[in-house]
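Worksheet: the structure to be examined is printed underneath.
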Amino acid sequence: MTIIVLILFLGILLWISSLASKSNIATPSDFFLANRSLGTIVMTMTTGASYFSTWTLLGAIGNHYRDGVWFSAFAAWAVVHALFIWLFGSRIWYLGRKHHFVTPGDMMEKYYKSPFLRLLFAIVGMVGLIPYMLIQITGGAFSLNSLTNNAIPYWVGILIMGVFVGMIVTLSGGRGAAWADTFMGFFFGTTLVVITFIFIYKAGGFHAFVNLQSVAPEILVNKGQFPGIMETAIGLMFGFWIMPHMWQKFYSAKSPMILAKTSIITPFWNSWLMALGALFIGMIARSPGLVPGLTPENSDTIIPLFFSTYAPLFGSVVVAAVIAAGISTINSALLSSASLLVNDIYVRFINKDVSPARTTFISKITILLMTLIVVIFAFIPAAQGFLVPVAALGYGIVLQLVPAALGPLYWRRGTLAGAVSSIIVGLSTLVIVYIFGSPLPLGPATSGFILGIITFVVVSMLTKDSNTQEKHIHHREMVETYFPSEAK
């Protein structure tokens, strides 16, 4: 039944991708950004589906099982989710539409007049996306393996995810990814709601959490690890808009009003739904005997384990939802990685005269090659650990780009020296703390982020760019656009 449901589900995705491909035009803007034409519903669903992934349906649930209410930091960032769509997303949209940007590096080079900074953004973005793409493939493979009691081996699941993702992304590009995300977002979001109610019912209904007081009281109490909560919340908050594939979602909107509507809908559908569903399921799974065979080591597969025992048929639908969560994220991440490699490196530094059609063709080949790389990485033992820590590594890497990105979006005093040094300091700090630890109660990503912000401000105040006048014009136009009454 799992195989039958999986074939039906993948068939629907292939059909959606085929429909989308008929509207494609052989240009980078169309292939990567759906010709900047996404409406409210599609933008809302593709934004959420591209961000919430297997670490939502598997990793976050496993973390709640192991750590209890402490991991509510997973939900804390949703408080500013909508705000950030408008604060950062609308400005990214405006500059992208005005200057025809395709990648974050496009904006960085134009504002700071630095090809090196463009290259740095591309490399850091691609490196940060690799762990994020990895957990989508490994999460789907683990789910198939768990639900079928090892009948579908891990390596088969990896190949299924890799082959299919590479195929549909190459076929339909950004438009197909957005259309498929809309279907998959509704699918796995609805499935998560149903699963949440099933778990609550099985654990005693409204008394489920009361019952936990006698069997696992420690998970109902915050551990007091504020630095850990801050690390998670900051990574998710800023990672939402600085991750390359999310940045490019903002470029893809039809208008700023689309982003305004998305910012209103998103907290209810994407944020709280995903966060609270994961919290309820993970903590309730502590109820004795509720999930047979559950241990901390396999807690990232709570949902497949549960349904493989009680309702294998519905479990097949659940695994399809997990795979939907994975595919809806990795498709955008693959597209974004390919755009960084092709636009920011190949076209910018190797072959500037390549035609749009040729660029699109090269991008498709790049997607297939990057899919192969991710599949190979998925067989490395280090990539097969708990999903949340692996995802956090990706967020932590890309988080170090935030200070430099604030320059063109908000702070006119930021300089090229400040931007480059902030990235170098942030990444260096992340690596040092990750390997050797820190005397301060801060994690690697937060340590790098804080030092990066300080470096950006201090170095920018001590240096000056040759294009200062041009940057002032840039920000004056932003003020005139957003606050016309104040500009007068």
Inset, instruction - Return the sequence-ordered ³J(HN,Hα) values of the range 201-209 in whole Hz as given by the Karplus equation 6.51 cos²θ - 1.76 cosθ + 1.60 applied to θ = phi - 60°, using x for Gly and Pro. - result: 5, 5, 8, x, x, 5, 8, 4, 6
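Which sequence of Met461, Met237, Met184 reflects their accessible areas, 1.4 Å probe, from the largest down?
Details: Met461 105, Met237 40, Met184 0 Å².
Result of the area sort, largest leading: Met461, Met237, Met184.
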Legend entry - Carbon and sulfur %, accessible surface of the chain computed with the full protein complex present, 1.4 Å: 72
Legend entry - Accessible area, probe 1.4 Å, largest first, for residues Phe186, Phe31, Phe268: Phe268, Phe186, Phe31
Inset, instruction - Return the sequence-ordered ³J(HN,Hα) values of the range 189-195 in whole Hz as given by the Karplus equation 6.51 cos²θ - 1.76 cosθ + 1.60 applied to θ = phi - 60°, using x for Gly and Pro. - result: x, 5, 4, 5, 4, 4, 4
Legend entry - Simple label model, 7 Å out from Cα along Cβ direction - Val221 to Ser21, nm: 5.8
Legend entry - Proximal lysines to Lys261, defined as alpha-carbon separation beneath 20 angstrom and excluding residues fewer than eight positions away on the same chain: Lys249
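I need the calculated FRET efficiency for the pair Trp155 and Leu369, taking r as the beta carbon distance and R₀ as 25 Å, to the nearest 0.05.
Numbers: r = 20 Å, r/R0 = 0.80.
Rounded to the nearest 0.05, the efficiency is 0.80.
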Legend entry - Full-extension gain in nm, Phe186 to Leu313, via 0.36 nm per residue minus C-alpha separation: 43.7 nm
Inset, instruction - Calculate, for the range 393-488, the solvent-accessible area per residue in square angstrom, rolling a 1.4 angstrom probe over the heavy atoms of the protein chains. - result: 49
Legend entry - Rough spin-label spacing in nm, given labels placed 7 Å along Cα→Cβ, for Asn351 and Trp411: 4.0
Inset, instruction - Please name which of Val102, Tyr132, Tyr154 has its Cα lying farthest along the dipole of the range 85-156 towards the positive end, using unit charges on Cβ (Lys, Arg +1; Asp, Glu -1) and the Cα centre as origin. - result: Val102
Inset, instruction - Provide the per-residue ³J(HN,Hα) series for the range 473-478, in order, calculated from phi with Karplus coefficients 6.51, -1.76, 1.60 and θ = phi - 60°, each as a whole number of Hz, with x at glycine and proline positions. - result: 4, 4, 6, 5, 5, 5
Inset, instruction - Could you state how much accessible area Glu480 has, in square angstrom rounded to the nearest 10, with a 1.4 Å probe and all protein chains kept in place? - result: 90
Inset, instruction - With a/c under 1.5 counting as rounded, go ahead and sort the range 329-456 into rounded, prolate or oblate using the C-alpha gyration tensor (a ≥ b ≥ c being the square roots of the eigenvalues; past the cut-off, prolate if a/b is larger than b/c, else oblate). - result: oblate
Legend entry - Structure-derived volume of the Cα convex hull per residue in Å³: which label, when the choices are [x] 200; [y] 160; [z] 140: [z]
Inset, instruction - Residues in the range 107-134, backbone N under 20 Å from the label point at His474 (7 Å along the Cα-to-beta-carbon vector): list them, ranges by number please. - result: 107-125
Legend entry - Rounded FRET efficiency, nearest 0.05, which uses the C-beta distance separating Ile41 from His207 and R0 of 41 Å: 0.60
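The values are calculated or read from the model by the stated rules, or taken from the named source; none is laboratory data. Quick caveat: nothing in here was measured; it's all calculated off a predicted structure. Here the Cβ is made from the backbone with ideal geometry for all residues, glycine too, and neighbour counts use every protein chain on show. These area figures cover heavy atoms from the full protein model, side chains too; ligands, DNA and RNA do not enter into them. Shrake-Rupley method; radii C 1.70, N 1.55, O 1.52, S 1.80 Å.
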